[in-house]
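The values are calculated or read from the model by the stated rules, or taken from the named source; none is laboratory data. Predicted, not measured: the structure shown is a model, and the values here were computed from it. Cβ placement follows ideal geometry from the backbone for every residue including glycine, while neighbour counts extend to all protein chains displayed. These accessible areas exclude ligands, DNA and RNA; they are computed on the full protein's heavy atoms, side chains included. Shrake-Rupley method; radii C 1.70, N 1.55, O 1.52, S 1.80 Å.
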Amino acid sequence: MTTVRTPPPPRLPIRDTAPGAAGGASPMLGRLADERATGVLIRERGTLYLADGEVVHAESPATPGLDVLFSVHGVLAPEVWREAVATAGARRRVGRFLIDSGRIAEGALELCHLGSLYDAAYFVLGPSSTPSRFRYGAAHWFGPLRPVPVAAVERETVRRRELLHRIWPDPATDTAPLRRAPLAAEPTVPLRQGAVLDRVDGVRTAADVSLALGRPAFHTLVDLRRLAAAGLVTAAPVPQPLPPPGVLTQTSADPDVALLRRLRDALEAL
């Protein structure tokens, strides 16, 4: 008698239906680490890629990507980065390609990638108003380089959150458009904070300033909170929508006689 074995169905994405949990971290992340899961955790402000239950990559719209950080600081020319993605992206080995081809030293790339990972993870693991989702088997095109335990990522995220709170407890400057406080004379600030202050124009957010400077986004948050504590920067007020023109909201005392006549004529013609 021949036994036919049916392969198990593929694992379906799972959802975390408890957004905004204590500490702001995804409740499912610890479970994924325990089961040594591989895939991508999708949250409101970005994604975490896991391999065997450890974090191998993180991305967030609030943070500059590795390509921006490399280009601004002259680590890699933009064309070198594009070559690496085109050559090794489909095989998910962009990081290894950069190292093996001699474009960058392994230690330097690991250090840059680790800083970028923690930077994005801070925002990914922040409080969320939407459910998290996990897709099993998904992998990032950059490829694994130096995996980081989930516990270490969560611990660093909490440390950074507490640091910002100690500097200035109001988080409004983290996400809102920023403006300079109206002062007769601004005090002298360190060069690093001065570069941030120079880009505060009433329109840019912290993420915009970070991208313009090519700096890790969390470092920009630290500088902005210090500037806010010094009274130099505030969150710009959110513009209120204008009321509709009065002509649209006022009722007319005189009906449009010509319109009524046209309607009457049309009805009589039926």
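Shape class for segment 85-124, computed from the alpha carbon gyration tensor (a ≥ b ≥ c): oblate, with a/c not under 1.5 and a/b at or below b/c. Dividing the Cα radius of gyration of segment 172-235 by 2.2 N^0.38 Å, with N the residue count, gives 0.97.
Put simply, the amide H of residue 103, placed in the peptide plane, has no neighbours under 5 Å, leaving out anything fewer than 5 places away on its chain. Stretching the chain fully between residue 151 and residue 175 yields a gain of 6.0 nm (0.36 nm per residue, less the alpha carbon separation).
Using a probe of 1.4 Å, the accessible surface attributed to residue 44 totals some 90 Å² when neighbouring protein chains are kept in position.
For the pair residue 265 and residue 229, label points projected 7 Å from Cα toward Cβ lie 7.7 nm apart.
Once the C-beta distance of residue 129 and residue 186 is scaled by a Förster radius of 41 Å, the resulting FRET efficiency is 0.70 to the nearest 0.05. Surface composition of segment 27-167: carbon plus sulfur atoms hold 53% of the accessible area, using a 1.4 angstrom probe and ignoring ligands, DNA and RNA. When 81, 141 are compared by accessible area of protein heavy atoms, the largest-first order is 141, 81, using a 1.4 Å probe. Quick one: if you stick a label point 7 Å off each Cα along the C-beta vector at residue 219 and residue 138, how many nm between them? With each label point 7 Å from Cα toward Cβ, the separation is 2.9 nm. Put simply, the amide H of residue 92, placed in the peptide plane, has no neighbours under 5 Å, leaving out anything fewer than 5 places away on its chain.
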